[in-house]
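Here, each number is a calculation from the coordinates, and none is a lab measurement. Since the structure is predicted, the reported quantities are computational estimates derived from the model, not experimental observations. Cβ placement follows ideal geometry from the backbone for every residue including glycine, while neighbour counts extend to all protein chains displayed.
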Amino acid sequence: MANEILDDHIQNEYKWGFTTDIESETFAKGLNETVIRALSKKKNEPEWLLDIRLKAFKQWQNMPEPNNWAHVPYPKIDFQDISYYSAPKKKPELKSLDEVDPELLKTFEKLGISLEEQKRLSGVQSNIAVDAVFDSVSVKTTFRETLAEKGVIFCSFSEAVQEYPELIKKYMGMVVPFADNYYAALNTAVFSDGSFCYIPKGVRCPMELSTYFRINSSGTGQFERTLIVADEGSYVSYLEGCTAPQRDENQLHAAVVEIVAHKGAEVKYSTVQNWYPGDKDGKGGIYNFVTKRGICLEDNSKISWTQVETGSAITWKYPSVILKGDNSVGEFYSVAVTNNKQEADTGTKMIHIGKNTRSTIISKGISAGVSNNSYRGLVQIRKGAKNARNFSQCDSLLMGDQCGAHTFPYIEIKDKTAIVEHEATTSKIGEDQLFYCKQRGIDTEKAVALIVNGYCKEVLNKLPMEFAVEAQKLLAISLEGSVG
Amino acid sequence: MISIKNLHASINGKEILKGINLEVKAGEIHAIMGPNGSGKSTLSSVLAGREDYEVTEGSVTFEGKDLLEMSPEDRAREGLFLAFQYPIEIPGVSNVNFLKTAINEIRAHKGQDPMEAKDFLALLKDKQKLVELDAKLTNRSVNEGFSGGEKKRNEIFQMAILEPKLAILDETDSGLDIDALRVVANGVNKLRSKNNAFIVITHYQRLLDHIVPDFVHILYNGKIVKSGTKELALELEAKGYDEIKHQFEKTEG
């Protein structure tokens, strides 16, 4: 019965799958040293950055491509068949919003992202500064002046390279070394743009900062870097959103996000990932191979990752925290939804080095269709990390009987004083639950939304208000008609 | 209220209900008793619209409408309520949120606007008292971590909030201690009116000391084999089901 109803329901349309018709400057496909030099020149980069790129590229060429190591089989990627740079032609040096290509403005409006400062996101009275990244470049960062009054730097990565080279030089690669892994090395070699954010000592950032990533051109990859530095005693809440057009081809998104939290600083990083997941037969969709890592560099600092993952054909992603400072805190709250033929392998690493460090992991996986959803995580308590504590909870929710949920929790403890707890559950949205709801007058679709939102509540509660509403809607849409 | 005629139903090809006839009018309480496996829970499941069961013959008219044509949610919206024998847990969904969703779905079905938050809260408070439900439980997830007695009480609480026309209590007394039984029974007695009706399914006469039925039916082997007034329940209590079994096995054989 469950399957009949499941089959009855039609695949939900991806609502962000449109393409913007805009004149772009796109590099020819292929990757070699010349391409990297051209890219670096295009961005007018200093010599030291080009050196880093070339070194990373060399390393990358000698690294084996990680293939099929996770629960995610996929065809080999032809890295020569990707263009590594694509930018809307009407750039550069925008003085005001009037100079932004109206097509671009329309694109972001359509996505619910307002680039006009007086306008507010989706009608909600909110305070969000946005850095909008379209293909390979940042098109606009809002509220820069307001933020500058507090000394907060929020701009595109390219601008930061020009304007704050010392900061970039100091922090870039501190958390994710250039050859950390295959895709991080690739990113370092070819990254085109991204966001940079610096919160000075003792400043509580007056508004949410946000980056919105949009892939538009076909045949391109998106490789961006985000670097967030929170100086002593500062606080920032950072949001990340992303979408892509509906295409038959697979596109690669290999980003690097680095967070550095100094003494007593707190960074909250929230993601609503909604890349195009491919159609119901698994054709097209984004490969989302991302390295996200933060370091609690000094005492009493805190880094918190919250993610709602509904998109991408394949997601590999383990937002991690290195707890170096004493009493530092790392958190990971995740909802990962896979439907149809999507594959997700996501989780976190909590590396406890300092004393009295604490970490919390709450992971909620939801699998529907014939998808596979894995939690993969590492809790490592190093020697000398006295009184470290970790609590992990990994729950899986299955819809239908053709999907998979997998949990791979690794725990390494080198200090006897550590207390590590792990809980895991697997449940199914049962016919019984649905029938119970129906018997109270609630139809299947509303019942599923109710049950799923209830299941994810602990994570959704961690999202900033505007995002939580969006995430709830997204969950309902991603799972529409996926259960009987 | 409800008119069941020659109802036959089966699960996985096995016939469980073999021609049920039952007429329940507004203001009445009917008790259905019977030994294990006689089809009591199947009857409640079929009336509530559980899809595992296939109705092979017969008809059910509810308030003049063909009940069997309706989806389970529409049956609920039309005023049919089932107090589950084993209430289901829904982690993360608060009782309040669950009931608010339910009540507004039912209101929408009737063309009414969603209930104002303050009216809803007042209603909650009022009905909490009625079933002596701990206020803490209403904010907890639906049935999660509730004791057996709390779950049953929560069913009656939901019934009180949703105010159905016809409520079917499926072995609501099973697993209840004397105090909880009294609370559940009091709830039902306070809710009964000339406009609604109850079908109380039970094994034991005990519940019927508290909820006094107008009629008692004995279900055996998928059929109502005997009907009477509340004295029938007492008689049954004294003699047990064996005599019934004996009698009807003979006549059928």
query = What number comes out for the charge environment of A:GLN439, summing +1 per Lys or Arg and -1 per Asp or Glu over other residues with Cβ under 9 Å away?
reply = +3
query = Reported to two decimal places, what Rg/Rh ratio describes region A:380-484 when computed on Cα atoms with Rh from the Kirkwood expression?
reply = 1.11
inquiry  = What does the structure give for B:157-164 when I average, per residue, the other chain Cβ atoms found within 10 Å of the residue Cβ?
reply    = 1
ask   = Hey, got the dipole for the protein assembly as shown? About the Cα centre, +1 on K and R Cβ, -1 on D and E Cβ, debye to the nearest 20?
value = 1660
request  = State, in angstrom, two size descriptors of region B:130-253 derived from its alpha carbons: Rg to one decimal place and Dmax to the nearest whole number.
outcome  = 16.5, 55
query = Relative to the compact globular guide of 2.2 N^0.38 Å, what is the alpha carbon radius of gyration of chain B, as a ratio?
reply = 1.01
Farthest toward positive dipole pole in the protein assembly as shown [+1 Lys/Arg, -1 Asp/Glu at C-beta], among A:ASN387, A:VAL229, A:GLN342 = A:ASN387
request  = Quick one: P(r) of the protein assembly as shown from all Cα-Cα pairs, 10 Å bins, percents rounded to integers, in order of increasing distance.
outcome  = 3, 13, 20, 20, 15, 11, 9, 6, 2, 0, 0
ask   = In what order do B:LYS18, A:LYS170, B:LYS194 fall by count of nearby beta-carbon atoms within 10 Å, going from fewest to most?
value = B:LYS194, A:LYS170, B:LYS18
ask   = Calculated FRET efficiency, B:ASP209 and B:LYS18, Cβ-Cβ r, R0 41 Å, to nearest 0.05?
value = 0.85
task = Calculate for chain B the 222 nm mean residue ellipticity that helices alone would give, adding -39,500 (n - 2.57) per DSSP H run of length 4 or more and normalising by residue count, nearest 500 deg cm²/dmol.
result = -12000 deg cm²/dmol
key: Average beta-carbon neighbours from other chains, 10 Å sphere, peptide A:424-437   = 4
Greater than 25 Å apart at Cα, pairs in A:LYS58/A:LYS302; A:LYS438/B:LYS194; B:LYS118/B:LYS194; A:LYS341/A:LYS438; B:LYS100/B:LYS165; A:LYS349/A:LYS446 = A:LYS58/A:LYS302; A:LYS438/B:LYS194; B:LYS118/B:LYS194; A:LYS341/A:LYS438; A:LYS349/A:LYS446
ask   = When only Cα pairs under 8 Å and 6 or more residues apart are kept, what is the percent relative contact order across chain B?
value = 28
inquiry  = Checking the a/c ratio against 1.5 first, then a/b against b/c, what shape does the Cα gyration tensor give for region B:83-169?
reply    = prolate
key: Overall dimensions of region A:283-331 by Cα: Rg and Dmax, Å   = 14.2, 48
inquiry  = If I model a spin label at B:LEU234 and A:MET174 as a point 7 Å from the Cα along the Cα→Cβ vector, what separation in nanometres do I get?
reply    = 8.7
remark   = Total charge of the residues flanking A:SER392 in space, meaning their Cβ is under 9 Å from its Cβ, with Lys and Arg +1 and Asp and Glu -1, is -2
ask   = Which of the residue pairs A:LYS473/B:LYS190; A:LYS292/A:LYS457; A:LYS76/A:LYS169; A:LYS462/B:LYS152 have a Cα-Cα distance greater than 29 Å in the structure shown?
value = A:LYS473/B:LYS190; A:LYS76/A:LYS169; A:LYS462/B:LYS152
Residue among B:GLY222, B:ILE156, B:TYR53 farthest towards the positive dipole end of the protein assembly as shown, charges placed on Cβ = B:ILE156
Projected label distance in nm at A:ASN32 and B:GLU116, using a 7 Å step from Cα toward the beta-carbon = 7.6
